Amino acid sequence: MFGADRGSGYDGFLAAAPLAVGARWYYNGVNKFPPAWPVTVPATHMTLSLRPDPADLFAGKLDSQLKAIINSAPMNSELTFWHENTSFNPNHYPPDVNNPRTARKMQEYGLGLCQGTNVLFGVITVGPVVDQVHWMVPGLGWYGDDLYEFPKLRGPDNTFSKAKITARLHQNLDAWRKVAGLEVPPIRITECNSPYNAHRSAFFTTIADFLATHNGNRMLTFWDAKEGLAQGGLSGPWPPSRSVIRTLVSLTKKYDWKTL
């Protein structure tokens with residue numbers, strides 16, 4: 001199942017590919033929650049990112065708010081807390097959030113809140129997952145990663161390297177297997193893109209083909225004009241070139257979520 005973040009890419013992707021029903025929605029303020037599960041038109045398979053204050057969360061002070069969100073969620077909903085809360089802290093989270101013990105404890109708490117509901121609780125890393133093993137707990141509903149075509153994953157002179165992308169995917173899978181204790185843990189790619197338009201078709205296809213054969217049923221793209229190649233970023237604005245859109249549409253048809 002394919003989709004995009006709730007920025008400009010979501011509407012554009014969905015207009016081009018009606019089968020792209022996935023969306024990523026961020027509430028990035030601490031304890032800033034919607035009153036209920038966010039609903040889009042048309043309805044999508046949502047991956048929701050929230051940032052509960054750890055002390056309030058563990059004290060049960062947020063239970064009523066979080067349960068109202070979780071209990072109102074439709075099928076195919078997925079939730080995470082403090083995405084990309086990893087060892088190198090790319091989002092500059094405060095120390096009471098960005099440490100392995102708190103990260104694991106929040107995952108366990110979120111997992112408990114989602115038991116018996118329509119929501120699967122998971123974790124989202126970024127960078128090599130092998131470096132984040134001790135930041136995750138077993139038993140989650142899914143294990144996700146925000147994967148871009150980082151400079152280390154490119155070939156000489158910033159060429160596209162399918163071998164390096166595939167190697168990172170396999171390395172991440174091995175780490176998730178270790179954490180989950182499963183040979184085929186449920187995995188996700190919750191953000192992905194390349195700053196090079198000429199690389200995007202191969203990049204998206206490589207990820208999609210890997211997910212389709214390794215219990216990965218959700219791939220969400222990310223588009224931001226402020227994070228393009230000219231700005232030194234890893235993404236870019238929607239729309240990409242027509243050839244990239246054709247590739248994305250073709251992938252949604254090849255891996256039609258409704259037939260799987």
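Read-outs throughout are calculated quantities, based only on the coordinates presented, and are distinct from any laboratory measurement. A quick note: this is a predicted structure, and the numbers were derived from the prediction, not measured. In this analysis, Cβ positions are derived from the backbone assuming ideal geometry, glycine residues included, and neighbour counts consider all displayed protein chains.
I need the GluC sites (Glu not before Pro) found in the stretch 152-260, filtered to DSSP loop residues with at most 10 other beta carbons within 10 Å of theirs.
The qualifying sites are 183.
Run the helix sum for the chain: -39,500 (n - 2.57) per DSSP H stretch of 4+ residues, divided by residue count, reported at 222 nm to the nearest 500 deg cm²/dmol.
-10500 deg cm²/dmol
Read phi for every residue in the stretch 70-77 and hand back ³J(HN,Hα) as whole Hz from Karplus 6.51 cos²θ - 1.76 cosθ + 1.60, θ = phi - 60°, with x for Gly and Pro.
Each residue's phi maps through the Karplus curve to give 5, 6, 9, 6, x, 4, 6, 9 Hz.
Run through all the Cα pairs of the stretch 1-140 and give the fraction in each 10 Å bin from 0, expressed as whole percent.
Using 10 Å bins, I get a P(r) of 12, 41, 35, 12, 1 for the stretch 1-140.
Taking amide H positions as placed in the peptide plane 1.01 Å from N, state which residues far from residue 51 in sequence (5 or more) or on other chains have amide H under 5 Å from it.
So residue 51 has HN proximity to 31, 32, 82.
Kindly write out, for the stretch 241-254 in residue order, the coupling ³J(HN,Hα) from the Karplus curve 6.51 cos²θ - 1.76 cosθ + 1.60 (θ = phi - 60°), rounded to whole Hz, with x marking Gly and Pro.
Result, ordered by residue: 5, 4, 5, 5, 4, 4, 4, 4, 4, 4, 5, 5, 7, 5 Hz.
Over the chain, what is the relative contact order in percent, taking alpha-carbon pairs closer than 8 angstrom and at least six residues apart?
20
What's the percent breakdown of Cα-Cα distances in the chain across 10 Å bins, shortest bin first?
7, 32, 38, 20, 3, 0
State whether the stretch 158-253 is rounded, prolate or oblate according to the following rule on the C-alpha gyration tensor (a ≥ b ≥ c being the square roots of its eigenvalues): a/c under 1.5 gives rounded; otherwise a/b larger than b/c gives prolate, and the remaining case gives oblate.
Details: a/c = 2.08, a/b = 1.71, b/c = 1.21.
Here the stretch 158-253 falls in the prolate category.
Please arrange 204, 150, 13 by counting, for each residue, the other beta carbons lying within 10 Å of its beta carbon, fewest first.
The most exposed by this proxy come first: 150, 204, 13.
Compute the signed sum of charges (Lys and Arg +1, Asp and Glu -1) over the other residues within less than 13 Å, Cβ to Cβ, of residue 149.
+3
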